[in-house]
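Below: the structure, in structure tokens.
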Amino acid sequence: MSAAGPYQKPPRDVEVITTHVNADYDALASMLAAAKLHPEAMLVFPGAQERNLRNFFVESVSFLYNFVKIKQVPFDRVGRLILVDNRQKDRIGDLARLADDPEVEVIAYDHHPDSDNDVKADFQIVEMVGSTVTIMTKLLRKEGITLSEDEATLLALGIYEDTGSFHFISATPADFEAAAWLVSQGAMLNVISDLITRELSADEVGLLHDLIEAAETLNVGGTSIVVSQVSRDAYVPEFAVLVHKFMDMENLDALFTLARMEGRVYLVARSRLPEVDAGAIASAMGGGGHPSAASATLKDMTLVEASERLKNLLRSSINPTILARDLMTAPVITVPPETTLKEAEGVLTRYNVNVLPVSGGGEVRGIITRQTVEKAVFHGLGDLSVVEYMTPGGKVLAPEATLVEVEEAVVERRQRLVPVMEGSKLLGVVTRTDLLNTLIENPLITERHAERYEGPRPVRHKNIKSLMGERLPRGVIKTLKEMGSVAQDLGFKAFLVGGSVRDLFLRRDNLDLDIVVEGDGIAFARRYGQLHSEVKVRTHKKFNTANLTFDRGLSMDVATARLEYYDSPAALPVVELSSLKLDLYRRDFTINTLAVVLNSEGFGQLVDFFDGLRDIKEKAVRVLHNLSFVEDPTRVFRAVRFEQRFGFRIGKLTEGLIKNAVKIDAFKRLSSRRLFGEFRQMLEEERAVDCLRRLRALRLLYVFHAELRLEPKDEELLGDLEEALAWHRLSFLDQPVSQWLVYYLGLGDSLEREQRLALSKRLGFSPKQREEMENERSRALQSLNLLQRKKPRASEIYFWLQPLEPEYQLFVMAKATRQWAKRAVSQYLTSLVRVRPDLGGGDLKDMGFSPGPLFKRILDRLQAARLDGEVLTREQELQLVKREFSPEEQSA
């Protein structure tokens with residue numbers, strides 16, 4: 001057998017044709033047409049096979065094509081991705097990673113308008129016609145490709161469906177021309193008619209009836225729009241067909257329908273009016289389409305929320321008279337980037353405003369709020385420039401921006417202030433107050449949405465009882481319910497909060513449970529202890545906290561949240577959730593601000609004030625406010641830990657704030673105790689080496705010692721230590737090891753002695769501990785040198801390694817460059833450490849020996865003889881002692 005050669009990347013020789021999720025006939029027909037142009041390509045639906053295409057005629061035609069399931073796609077071999085009837089990356093499922101791959105050529109054929117989420121195609125043909133099949137037909141004709149009757153019929157079906165049998169205003173002369181050519185190729189119009197106008201089933205008739213019954217008419221700027229909604233447990237594949245039939249039966253000009261099916265909400269929209277752009281509305285709700293026909297699949301939204309959002313969009317988008325220039329405030333009070341925070345505080349006070357644009361060089365570079373400025377000045381940062389703590393970027397509007405664009409920027413993007421610019425000139429700003437004042441007469445947003453304008457974001461509700469039941473032991477669920485009942489009886493509110501809630505969504509085991517009580521946490525804990533005598537209760541009055549210890553080893557911390565806040569001047573205090581909100585607002589990152597209601601009324605309800613669930617889904621670590629790292633610099637190290645532990649990324653703004661903290665050296669006041677606590681936790685992480693690399697990238701290693709560099713040789717040693725620790729875990733050895741200390745030895749290995757002593761001092765080790773660690777390290781290096789000189793005997797291995805602590809033994813294993821030296825440490829830990837002679841001190845006394853130096857010499861000799869195989873039995877040990885030692889030696 002020949003030796004294996006070097007790894008070779010697979011060739012990029014596979015082509016993939018795909019379309020959007022929930023594919024319609026136009027999408028399927030366009031895929032088949034693309035296959036005619038790219039005959040070697042695989043055809044892949046981005047999800048499961050689309051249910052609304054499961055028809056005998058359609059499936060029989062499609063059978064002859066190279067359709068494969070997405071799991072059969074060799075992603076590493078794909079060199080070309082061909083998109084039809086879609087360019088939006090978030091509508092092609094897992095295939096989106098191909099669109100992001102620089103080695104994949106992307107070709108697109110589409111008839112939908114451009115959107116912000118479109119893939120960057122290397123080549124595309126986009127025409128504003130009634131269907132994508134029309135574009136594909138033109139290409140087939142140009143290439144001289146002919147079709148069978150069945151193929152022509154299926155392509156024609158795509159045109160007829162997407163143009164509403166040429167009744168939609170989106171139909172163009174090109175669509176008629178394409179259909180005529182397909183008829184000349186043998187397209188069977190009777191089959192198309194049967195597929196489009198087939199008889200409805202009893203379930204479909206019932207659904208159509210419910211759509212008609214639930215319909216309501218909105219009058220927006222003199223335009224009548226019909227909106228309807230239905231709910232079904234099962235998915236109805238022909239929902240879009242029913243919407244089209246409803247529109248024809250009632251002779252409607254614009255129809256927007258919502259359906260909740262199988263836990264999701266679907267939008268199907270049709271319009272015959274130029275002023276009602278169905279595609280724009282669907283796009284704003286996460287879908288797409290063209291002006292006359294569009295759709296969207298809405299995730300994480302109830303039917304009520306979807307209806308509310310749809311009506312708001314309709315009202316705002318069909319109101320062309322209100323533009324950004326009509327809403328904006330001018331002239332604008334701005335500050336240049338070099339303004340200090342102290343100076344900005346004066347500007348805010350002088351003009352009585354709460355937010356300032358930071359403007360310079362013909363652009364708005366960011367905004368800074370009164371809250372951030374005042375906190376920064378309080379922390380002694382008044383001499384820094386506003387650039388350090390402003391919120392950068394954000395949406396900028398043109399003066400002709402519509403009301404829906406303003407709403408999106410202020411509400412959806414949560415911008416407190418939106419600049420209105422014409423070229424490089426700042427004309428004005430639209431504030432939250434500007435928008436709200438405009439909407440008084442014709443509100444576009446509900447009271448629930450309006451809450452987003454003030455303070456932290458609104459609470460998000462979602463019940464996760466089933467997820468808790470799946471992830472938490474049954475006994476823990478029972479305990480949490482009992483706690484909810486106790487809180488209910490006391491008139492309190494109890495919540496499960498923090499990391500354990502986060503880890504439910506990450507599918508990670510975590511029984512480190514924290515409870516927050518709105519009321520009196522100590523009274524709650526004592527009452528629970530009275531009802532459960534097996535639970536030990538310890539209270540801490542100073543902090544209003546308590547700890548509950550259960551007989552099964554479970555422990556819970558209980559904290560009190562008691563503060564109130566006011567939504568607006570003269571309003572009554574918000575009591576129901578305000579205490580919890582403020583308690584969570586003090587936490588480090590949004591992903592740790594999730595809470596779950598434990599009270600019997602609402603058990604399992606998720607409370608998400610700060611979009612923590614969104615950041616978990618986006619795999620982002622974000623702080624709650626811009627001065628987070630100034631108030632508590634140790635959060636920087638936690639950000640790195642969470643990023644590496646969960647495979648997340650630190651958000652762009654949050655990373656910028658970390659760099660600001662480094663710039664102002666916010667860590668210099670950290671106590672050694674707190675710094676060591678974070679350092680130790682980081683080195684205990686599974687991906688500790690990656691954490692250290694991230695610290696290096698963020699220039700944070702200096703916090704521990706100015707000379708810590710993590711050079712390539714240091715990384716190599718840390719990698720060897722990582723392997724040594726992994727070997728130790730997999731060997732199931734009895735001797736416990738402190739992982740943090742192993743990595744600590746590697747991290748400081750390239751430092752000089754005085755530098756290591758300074759590092760250990762910064763981390764809070766006592767002078768005695770510092771010296772002991774240096775002495776132990778010297779012994780370890782001496783043992784390493786002995787092991788590497790020559791292949792040692794078993795007894796030599798034992799006596800050189802036995803005096804060392806296990807962390808230093810693994811340090812020797814990792815530093816060893818000779819394989820026999822590495823094997824020697826392995827041999828010691830797995831077998832030699834357990835070898836003992838049969839004879840002991842009592843036996844030596846019986847032989848006339850007295851405890852003393854000779855005693856130890858004899859026992860060490862017996863140990864060596866056993867290790868090297870000189871003696872195998874007790875009798876042989878007795879003979880060795882008699883032969884080599886005499887009781888008379890003691891008196892000599």
What's the number of the condition Phe679 fails, among (1) surrounded by 17 or more Cβ atoms within 10 Å (Cβ to Cβ); (2) over 25 Å from Glu754 (Cα atoms)? (2)
Is it true that Arg818 is under 30 Å from Lys713 (Cα atoms), basic (Lys, Arg) and touching a residue at least 24 places away in the same chain (Cβ under 8 Å)? yes
Restricting attention to the stretch 361-373, which residues are surrounded by 15 or more Cβ atoms within 10 Å (Cβ to Cβ) and not aliphatic (A, V, I, L, M)? Arg365, Gly366, Thr369, Arg370, Thr372
Can Gln788 be described as more than 43 Å from the chain's Cα centre (by Cα), open to solvent by 10 Å² or more (accessible area, probe 1.4 Å) and among the polar types (S, T, N, Q)? yes
Take the residues of the stretch 460-479 that are farther than 9 Å from Gly604 by Cβ, among the hydrophobic types (A, V, I, L, M, F, W, C) and open to solvent by less than 20 Å² (accessible area, probe 1.4 Å): which is nearest to the chain's Cα centre (by Cα)? Leu472
Being closer than 19 Å to Glu870 by Cα and in contact (Cβ under 8 Å) with a residue 12 or more places away in the chain is the filter here; which residues of the stretch 827-839 pass it? Gln827, Tyr828, Leu832, Val833, Val835, Arg836, Pro837, Asp838, Leu839
Those residues of the stretch 185-225 which are assigned to a helix (DSSP H, G or I), open to solvent by 60 Å² or more (accessible area, probe 1.4 Å), within 23 Å of Gly158 (Cα to Cα) and modelled with pLDDT under 80, in sequence order: Asp194
Cβ contacts < 7 Å: first residue closer than 12 Å to Val14 by Cβ, restricted to the stretch 93-105; second residue basic (Lys, Arg) and surrounded by fewer than 13 Cβ atoms within 10 Å (Cβ to Cβ), any location; separation 6+ or different chain. Result? none
Inspect all residues belonging to the stretch 805-819 and state whether any of them is aromatic (Phe, Trp, Tyr), at pLDDT below 95 and in a helix (DSSP H, G or I). no
So Gly394 ticks every box in (1) more than 12 Å from Gln415 (Cβ to Cβ); (2) under 33 Å from the mean Cα position of the chain (by Cα) but one. Which box is left unticked? (1)
Considering only the stretch 225-257, state which residues are within 20 Å of Leu314 (Cβ to Cβ) and β-branched (Val, Ile, Thr). Ile225, Val226, Val227, Val230, Val243, Thr257
Looking only at the stretch 118-175, count how many residues are in a loop (DSSP other than H, G, I, E, B), under 22 Å from Gly289 (Cβ atoms) and among the hydrophobic types (A, V, I, L, M, F, W, C). 8
Checking Ala688 against (1) surrounded by fewer than 20 Cβ atoms within 10 Å (Cβ to Cβ); (2) out of contact with any Cys (no Cβ under 9 Å at 6 or more places or on another chain); (3) more than 28 Å from Lys375 (Cα to Cα); (4) not polar (S, T, N, Q): exactly one of these is not met. Which one? (1)
Select from the stretch 663-681 the residues that are in contact (Cβ under 8 Å) with a residue 40 or more places away in the chain and aliphatic (A, V, I, L, M) and list them in ascending order. Ile664, Leu675
Could you grab me the full set of residues in the stretch 294-322 that are open to solvent by less than 10 Å² (accessible area, probe 1.4 Å) and in contact with an Asp or Glu (Cβ under 8 Å, 6 or more places away or on another chain)? Asn312, Ser316
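Quick grid of which residues meet (1) touching a helix residue (DSSP H, G or I) at 6+ places or on another chain (Cβ under 9 Å); (2) loosely packed, with under 14 Cβ neighbours inside 10 Å; (3) modelled with pLDDT under 95; (4) under 17 Å from Arg638 (Cβ atoms):
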{"position": "Ser671", "(1), (2), (3), (4)": "no, yes, yes, yes"}
{"position": "Phe704", "(1), (2), (3), (4)": "yes, no, yes, yes"}
{"position": "Glu711", "(1), (2), (3), (4)": "no, yes, yes, no"}
{"position": "Leu725", "(1), (2), (3), (4)": "yes, no, yes, no"}
{"position": "Leu733", "(1), (2), (3), (4)": "yes, no, yes, no"}
{"position": "Leu751", "(1), (2), (3), (4)": "yes, no, yes, no"}
{"position": "Gly764", "(1), (2), (3), (4)": "yes, no, yes, no"}
Inside the stretch 106-117, can you point out the residues that are more than 14 Å from Gly289 (Cβ to Cβ) and in contact (Cβ under 8 Å) with a residue 60 or more places away in the chain? Tyr109
Return the total of residues in the stretch 293-330 being at pLDDT below 85, among the basic types (Lys, Arg) and closer than 23 Å to Thr217 by Cα. 1
Do we have Thr137 as among the β-branched types (Val, Ile, Thr), touching a residue at least 12 places away in the same chain (Cβ under 8 Å), crowded, with 18+ Cβ neighbours inside 10 Å and under 23 Å from Ala254 (Cα atoms) here? no
Which members of the stretch 392-419 meet the condition of being closer than 25 Å to Lys659 by Cβ and either surrounded by fewer than 17 Cβ atoms within 10 Å (Cβ to Cβ) or at pLDDT 85 or above (or both)? Pro392, Gly393, Lys395, Val396, Arg413, Arg414, Pro419
Out of everything in the stretch 239-259 that is among the β-branched types (Val, Ile, Thr) and part of a helix (DSSP H, G or I), what residue ends up being most open to solvent (accessible area, probe 1.4 Å)? Val241
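The values are calculated or read from the model by the stated rules, or taken from the named source; none is laboratory data. Bear in mind the structure is a predicted one, so any value in this text is a computation, not a measurement. Using ideal geometry, Cβ is built from the backbone for each residue, glycine included, and neighbour counts are taken over all protein chains shown. The accessibility values were calculated without ligands, DNA or RNA, using every heavy atom of the protein model including side chains. Shrake-Rupley method; radii C 1.70, N 1.55, O 1.52, S 1.80 Å.
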